[in-house]
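Everything below concerns the one structure shown next.
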Amino acid sequence: MARAVKAHGYPMVLNFVTHRHNIDKIDRIIELCIALEADFVELATCQFYGWAQLNRVGLLPTKEQLVRAERITNEYRAKLEAEGHPCKLIFVTPDYYEERPKACMNGWGSIFLTVTPDGTALPCHGARQMPVQFPNVRDHSMQHIWYDSFGFNRFRGYDWMPEPCRSCDEKEKDFGGCRCQAFMLTGDASNADPVCSKSEHHGVILKAREEAEHATQTIEQLAFRNERNSRLIAKG
């Protein structure tokens, strides 16, 4: 399929999700992308939501793995640039190795709206997991949903923020981080994203890093589940 895309003269972006079981093969991944004539390559370390969060112990790379993978990516980046090669490499580290959270969706209800197959409108892909009532396009206009609905205004702006976010001089930069991640890891979507070192819940991130250092390298830890009924589909 990649070759067909290039044969028709289209630009091509390849996105590889990396984790502890494939990140050590980052050089082979990059070589494949170059062979397929990719214009852009995103080497994105797994973000821990949904299935990935369920299997975080089996997926989160160690700090050493990440440092090595980024070094190799930078070496390839320099080589490609020196050769005038058009392929651009983008390396994305997981939130769990940051000290400040990402500006998720550029702030809640700021630039993004998605509509699910049943008509529910959401301000981000993962918002449905939270105990927040979201509007439906069958019942309301897009104008009402965007400007007036409770779901889209729940974490919009800064007034909803408790401390330490409320008085933080970086709140206009990171908007308190990811609401879904705050909910998943603390049980309260209003809390500061635990990725932030200022969060009182930052310990859960430090613990996850520690677990990654001591987790077995075998893939047997992974549990593939059907999200709708939590039925275990397969292990290993």
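The values are calculated or read from the model by the stated rules, or taken from the named source; none is laboratory data. Since the structure is predicted, the reported quantities are computational estimates derived from the model, not experimental observations. Note that each Cβ is placed from the backbone with ideal geometry, even for glycine, and that neighbours are counted across all protein chains shown. For the accessible areas, the whole protein counts, side chains as well, though only heavy atoms, and no ligand, DNA or RNA atoms are used. Shrake-Rupley method; radii C 1.70, N 1.55, O 1.52, S 1.80 Å.
Projected onto planes of every orientation and averaged, the convex hull of the alpha-carbon atoms in the chain covers 15.8 nm². Note on the chain: with a GNM built from Cα contacts shorter than 10 Å, the maximum mean-square fluctuation among 42, 210, 64 falls on 64.
Accessible area per residue for the chain, computed on protein heavy atoms with a 1.4 Å probe, is 56 Å².
Please report the carbon-and-sulfur percent of the accessible area for the chain; probe 1.4 Å, protein heavy atoms only, DNA, RNA and ligands left out. C and S atoms contribute 52 percent here. Taking square-rooted eigenvalues a ≥ b ≥ c of the alpha carbon gyration tensor, is region 59-106 rounded, prolate or oblate, where a/c under 1.5 means rounded and, failing that, a/b exceeding b/c means prolate? Taking the square roots of the gyration eigenvalues as a ≥ b ≥ c, region 59-106 is oblate.
Here the Karplus relation 6.51 cos²θ - 1.76 cosθ + 1.60, evaluated at θ = phi - 60°, turns the backbone of region 180-185 into coupling constants of 5, 5, 4, 5, 4, 9 Hz, with x for every Gly and Pro. By the helix-only formula, in which each DSSP H run with n ≥ 4 contributes -39500 (n - 2.57) and the sum is divided by residues, the chain has a 222 nm mean residue ellipticity of -9000 deg cm²/dmol.
Counting trypsin sites (Lys or Arg not before Pro) as exposed when in a DSSP loop with at most 12 other beta carbons within 10 Å, what is the longest stretch of the chain free of them?
Working: sites that count: 138, 228.
Here the longest segment lacking exposed loop sites spans 1-137.
Angle of helix 63-82 to the longest C-alpha principal axis of the chain, folded into 0 to 90 degrees and rounded to 10: 60°. Database note for the chain: Cys without another Cys beta carbon under 4.7 angstrom, 33, 46, 87, 124, 165, 168, 180, 196. The angle between the Cα long axis of helix 26-35 and the main principal axis of the chain comes to about 80°, on a 0 to 90 degree scale. Take every DSSP beta bridge with both residues inside the chain and express the antiparallel ones as a percent of the total, to the nearest 5. The antiparallel proportion sits near 40 percent. Centre-to-centre separation between the Cα atoms of region 1-45 and those of region 112-179: 33 Å.
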